[in-house]
Structure formats: structure tokens, C-alpha cells
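The structure under discussion appears below in the form of C-alpha cells.
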Amino acid sequence: MLQAERPAADRAASLRHLECGASGDVLLYLGGEWHAASDGATRELVDPATGEPIARTAEATVKDAERAIAIARRAFDDGPWPQTSALERARLLNRLADAIDRNAVDFAAMETLNCGKPLREAEYDVADAANCFRYYAGLATKPHGQTFDVPAPSQSFTVREPIGVCGQIVPWNYPLLMAVWKLAPALAAGNVCILKPSEYTPLSALWLAKLTQDAGFPSGVLSVLPGAGPVAGAALAESLHVDKIAFTGSVRTGQSVMRAAALNVKKISLELGGKSPNIVFDDADFATAVDYALFGIYANAGQVCSAGSRLLVQRTLAGRFVAELVRRAKNIVVGDGFDPRTEMGPLVSRRQRDRVEEYIRIGSEEGATLACGGSRLGGELGERGNFILPTIFTDTRPSMRIVQEEIFGPVLAVQVFDDEAAAIALANDSPYGLAGAVFTNDAARALRVIRKLRAGITWINAYHPTYNEAPWGGYKQSGIGRELGTYGYDAYTEVKQININLAVEPSGWFRDTE
Ligand code: NAD
């Protein structure tokens, strides 16, 4: 384990892109205008790697949310956006994608500064974000309706129309990407959006708002409300003037958003947590399975909803496999995301570090064996930042909390199985159903197991690759609906049935007896 030195890179350079008030505080974005919070409140953002303050942002109030909703309503009900041609929407989305690409270096730096992930990971996120806009720019102009052969002289068909005002609430683990997964399909379909980024990581979403202005999106089409979830987020979820709420975050908050959405029966999409199984059979390609097991849990320091946080390994392979995994986990370079040598960064906040440490304590108390990690990074960097070493628990039981509950940190729980049936039973023994993977060289077995997995996103002989083109979402308590791909677009549209009577004459149902 190497403790990274403080990097030479000017980590604050990206902040110059943000729109600030006279006091230097970053402003919130209300449909084309930049404002302080209605009560002047701000929140200090902290660099997760150093513990140092990086910026103060306006903290949106309920009044700010109400203003954003009123602006959005006007933009949707009376503004040009919903009637703008698909070709024009696509042109603007492509311009936005190009602007992200042009600013990729600073966007990545901003993500690393705000949420701690290694620059290399942030660079992938930024490229993906640009490509997500491009994907939906392409989709906007493609055919979306259907025609129906009905038993009447009638031409029956459907068109897809925008839903209206969409409240979009996202977490801190992929601040830019989670925002884009929601904005791109929503804007492509002609909706107007009010985005509520995480209170910990609002910076890249605010910069993105500025780029939508520069790209030429009509004002009112987007607002961005940095601030506390139970304030600005809840105001969106509860509002009777918001037509759809799309939420990514924890199950608990998702439940509260769902309850609030019931007030006016909003359309709802939920992308929630996971405790996903990564199943390794003894005939798997050893090096590949070890490599992806590490990537599955330690990418983004385990702060990934689809993380392979449960490793299910066949008993005949378990000793050798876990020994190699522990050796490799100990070699992962933990440090400041700006240091090019860093392979795993800090957790996003003190709160998240404390939460992960609490689970490590619980795991030990429950009687699991700590095979590696389990503590903070040492030295000055470890004292200042929120670093937890890659951690592996073995000798677990299915009922343990570290096996059942989402930790959202670099903590792997190893489970051992004897045969295919046992692997499937263990894998599905979870309230979650987001993702899962199988490693084996037996193609038939791979498909048999995958088909029995109660999960929405699966891989065979890989873990984590995510595609803008393919649907993302979970079974069971991992959520409702799908993002990305054509499914993600459909989730931002209403379907209107249109029937044209081809025999324009009275139906004669009621007799005219006078
Ligand atoms: P969180 O639920 O605490 O917060 C998510 C967002 O909801 C934040 O913007 C927060 O401010 C807001 N929020 C909080 N309380 C609210 C309320 N009462 N009403 C409305 N909004 C509210 O989650 P988090 O800690 O930011 O993120 C981690 C969680 O997100 C994990 O459970 C993870 O699995 C999940 N996640 C899921 C996916 C997915 O695609 N399924 C992707 C990323 C993260």
C-alpha cells in the first residue's frame, strides 16, 4: 500500500467555470438565471481527499424550489421547447456533448475535487456523459410511435409526447453522469427539468447548466437546485405541479420520494441500492475473475450501486481465489485522486467513511474474518481525507448484516458455495436485485445461472461495463423502471393513442326517434 504524496496539479483550476455571486459563493440556476438562495444560506463543500474547503454553494430553499417549478411550468405549458422539432433538440444536445468534450479535462478535475474519485475514473465519466447526450440526440429523431390494425374502419396509432415538468434527484457517487443519465433522455423527449444534485457534489451539474445556456437551450428548460434532500428534493417530490419524479439514491429516500409522488400520482422512476452477487465457478478463467472481482468492488471505492459487493466463490476454488484476491487488494494504491498513481480514492464524506467503518465493526462483531483492510489509510493523508483500505471479509453467513445490507464502500463479503443450485439460492437471498455476474467457461451454465438471477443488469465473465445503449435498473427493492437505452427515453414520454375514423358517418347507436 502506498501513501500518495500531495499532487502538484492545480486542483482548484476547474472552479473558475462556476457562476459565482459577489461574495464568491456558487449560485444556483433558476431556468436561465443565477441566484443566491432565497434566504442567503450556503453550504461549504469539502475536498474528500484533504478535508479542505473547496467552495461554498447556495443552499436551495423550498421557496427556490417553488420558483424553479413555476418557471418550469411556464416553460413547458407556454414555452417553445415541447414543440421544438426533434432535429433541433438533437442539435442542441450534440452541441452540449461537444462542449463537455471540449472541457473534459476541467470536468474530470471538478469531479475528482468534489467527490474524490481518481482522475482516471472521472475522465471515463466525462466521456460517457458526452456520449450519453449524443446517444439521445440520435434517438430523438428516430421513429417512436406504432400503428395498430384495429377491427373498425379506423386508423389507430400512437405518438410519444413529453411528460412535462420533471424533478430529477441524484446522488454523489457519479455527480455528472447521474445527472446526464436523467437530463439527456428527458430533454431529448421535450421535457423541462429541475435537477437536484447531491448536497455534497453539486459543482459539475451547475457547470453543466451553464453549458446548456451557452449551447442555446431556451431559458426555463433547466433549473439546478443544490441543497438538502429533505428540503429542495422533497419539495420537488411533493409538488402538485411536477409531472414526473426520477430519483437515484438509497432505498429509504426512494420510499419517501415514492410516498410524496403519490400526492398527484406523478410518473416515477427509482434507481436504488444493491448488494450484488459476483459468482465465480471453479472452471472460470482465474486471472480474469480475480481482476473483475477487484474492479467490481473497488472501482469508485465501492461507492457504486451495482458494486459486486458479495463474492460467491465455489468451495473447490475458494482458498486459492481468496488468497490471490487479498494479495491484489493489498496492492491497490489508495490515495489522492489527483495523484496519477492512485487507483482508489477517498470516500465522498466523513459521514460515509463513518458509515463504512461502522459496518466493518459490525462485520467483526458478527464473527466474520477480516482477511485484509478494515482500517483507514495511515499517515498525514489518511488523517485528513476519508480513506478506507480495500477490505475483505471471509467466513460470512447469509444472515449477517454485512452480507444483507448495502455498505457503499470498499468492503467485500465472501460467500462460499458447493454447486450451481446453492450459488443461485445464495445470490438471490437479498432484498435487492440490481446487478450480478457469473464467471465460468461453461456457456450453458453461465446462461442458466444468469436466467435464474433476480437482477436487472448482469454480466458473464465481466463486471461493471455500462452502456448508454442498454437499459439500467433493478428488480425487487433496487428500483422501478429503467434508465438508458430506448427504455430511458420511453420513461420520459407519455403514450398518446390517436384514432382517425375512416368512415365519417353517424354510428346510429342511439335511435333518433322524434
Ligand atoms: P440518498 O438517498 O441519501 O440521497 C440521494 C439524493 O436524494 C440526494 O440528492 C439527496 O439530497 C436526496 N434526498 C435526500 N433526502 C431526500 C428527501 N427526503 N426527499 C427528496 N430527496 C432527498 O443517497 P446517497 O447517499 O446520495 O447515494 C447513495 C445511494 O444511492 C446508494 O444506496 C446507492 O446504491 C444509490 N445509487 C443507486 C444508483 C442506481 O442506478 N441504482 C446509482 C447511484 C447510487
### Query
According to the square roots a ≥ b ≥ c of the eigenvalues of the Cα gyration tensor, what is the shape class of segment 1-143, taking rounded for a/c under 1.5, prolate for a/b larger than b/c otherwise, and oblate for the remainder?
oblate
## Note on the structure
For residue 415, the residues 5 or more places away or on another chain with a placed amide H closer than 5 Å to its own amide H are 311, 312, 313
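Taking every DSSP beta bridge with both residues inside the chain, roughly what % is antiparallel (nearest 5)? Please report the intermediate quantities before stating the final value.
Details: 30 of 68 bridges.
The answer is about 45 percent antiparallel.
Provide 407, 362, 332 in ascending order of the number of other Cβ atoms located within 10 Å of each residue's Cβ, fewest first. Present the calculation step by step, with values, prior to reporting the outcome.
Working: 407 26, 362 15, 332 19.
Ordered by Cβ neighbours within 10 Å, fewest first: 362, 332, 407.
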## Note on the structure
Charge dipole of the chain built from unit charges on the beta carbon (Lys, Arg +1; Asp, Glu -1), centred at mean Cα; most positive-end Cα among 430, 62, 80 is 430
### Summary
With +1 on the Cβ of every Lys and Arg and -1 on the Cβ of every Asp and Glu, the dipole magnitude of the chain about its Cα centre, in debye rounded to the nearest 20, is 440
### Nearest-ten-degree value, helix 119-140 long axis tilted from longest Cα axis of the chain
20
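Per the helix-only calculation at 222 nm, which mean residue ellipticity applies to the chain, given -39500 (n - 2.57) for every DSSP H run of n ≥ 4 and division by its residues, nearest 500 deg cm²/dmol? Kindly include the intermediate steps, with their values, before the conclusion.
Details: 16 runs with 192 residues, N = 514.
So the helix-based figure for the chain works out to -11500 deg cm²/dmol.
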### Task
Work out the charge dipole of the chain with +1 on the Cβ of Lys and Arg and -1 on the Cβ of Asp and Glu about the Cα centre, then indicate which of 187, 340, 497 is farthest towards its positive end.
497
### Message
Charges on Cβ only, +1 for Lys and Arg, -1 for Asp and Glu, centred on the Cα centroid of the chain; of 241, 225, 132, which one is farthest towards the dipole's positive end?
### Response
241
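How big is the equivalent ellipsoid of the chain along its three axes, where each semi-axis is √(5λ) from the Cα gyration tensor, reported in whole Å from largest to smallest?
Values: eigenvalues 331, 193, 74 Å².
Working from the Cα gyration tensor, I get semi-axes of 41, 31, 19 Å.
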### Task
Find how many whole Å separate the alpha carbon centroid of segment 133-181 from the alpha carbon centroid of segment 257-294.
23
### Message
Helix 443-452 against the longest principal axis of the chain: what's the angle in degrees, Cα atoms only, rounded to the nearest 10?
### Response
60
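Suppose the chain between residue 105 and residue 448 were pulled fully straight at 0.36 nm per residue; how much longer would it get relative to their current alpha carbon spacing? The partial results should precede the final answer.
Numbers: separation 343, 0.36 × 343 = 123.48 nm, distance 4.32 nm.
Using 0.36 nm per residue and subtracting the Cα-Cα distance, I get 119.2 nm.
Let me check I've understood the local charge: for residue 420, count other residues with C-beta under 11 angstrom from its C-beta, Lys and Arg +1, Asp and Glu -1. What total comes out?
Neighbour charge sum, excluding residue 420 itself: 0.
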### Query
Applying the Karplus parametrisation 6.51 cos²θ - 1.76 cosθ + 1.60 with θ = phi - 60° to the phi angles of segment 37-49, what ³J(HN,Hα) value in whole Hz is obtained for each residue in order, glycine and proline being reported as x?
5, 4, 9, x, 5, 9, 10, 8, 9, 10, 5, x, 8
### Task
Mind putting a number on the dipole of segment 277-460 about its Cα centre? Charges go on the C-beta only, +1 for Lys and Arg and -1 for Asp and Glu, and I need it in Debye to the nearest 20.
240
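At a 10 angstrom cut-off on C-beta neighbours, averaged per residue, how do the peptides 169-177, 37-45, 278-286 rank from highest to lowest? It would help to have the intermediate numbers written out before the result.
Values: 169-177: 25.4, 37-45: 17.0, 278-286: 20.8.
Order by mean packing, descending: 169-177, 278-286, 37-45.
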## Note on the structure
Rounded to the nearest 10 degrees, the helix 62-77 long axis (Cα) sits at an angle to the longest Cα principal axis of the chain of 50
### Query
Pairs of lysine in segment 200-348 with Cα under 30 Å and at least 8 positions apart or on different chains: total?
9
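A short reminder: the numbers here are calculations on the coordinates, not readings from a lab. What you see is a predicted model, and the numbers here were worked out from it, not measured in a lab. Cβ: placed from backbone, ideal geometry, glycine included. Neighbour counts: every protein chain shown.
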